[in-house]
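In what follows, a single structure is set out as structure tokens and then discussed.
All of the numbers you see were taken from the coordinates with simple rules; none came from a lab. Remember, predicted model here, so these are calculated numbers, not experimental data. Glycine gets a Cβ as well: all are built from the backbone with ideal geometry, and neighbour counts include every protein chain shown.
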Amino acid sequence: MQEFRFHMALTGPLAADLRGQTEAALKPLLSRALPQPFALDSLTLAGKDSDGRILGLRRFAFTGS
């Protein structure tokens, strides 16, 4: 688990009628799993190669400026 990095796959917008249900389902699970406070310091754009392996394409650091 020391090498694990929290990640979320974003594939498109969530329908408005599902947002509340999704938040209600995820909040109790994520609040136990994530450190408090939880800070995001970067975002990585990923894609799949021709073999279906996920690759990091570009990392964007949140520098505050």
Review point. Say each of ARG32 and ARG58 gets a label point 7 Å from the Cα, pointing the same way as Cα to Cβ; how far apart are those two points in nm?
Key: 3.9 nm
**Study point:** Formal net charge of residues neighbouring LEU57 (Cβ-Cβ distance under 14 Å; K, R +1; D, E -1)
**Key:** +3
Check your understanding: Quick one: Karplus J couplings for the range 27-35, per residue in order, coefficients 6.51, -1.76, 1.60, θ = phi - 60°, nearest Hz, x for Gly and Pro?
Key -> 4, x, 6, 6, 5, 7, 8, 9, x
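Is there a quick way to get the dipole size of the range 10-65? I mean about its Cα centre, with the Cβ of Lys and Arg at +1 and of Asp and Glu at -1; what is the value in debye to the nearest 20?
Its charge dipole is roughly 80 debye.
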Revision key, fill the gap. In the range 7-65, the trypsin sites (Lys or Arg not before Pro) that sit in a DSSP loop and have at most 10 other Cβ atoms within 10 Å of their own Cβ are ARG53
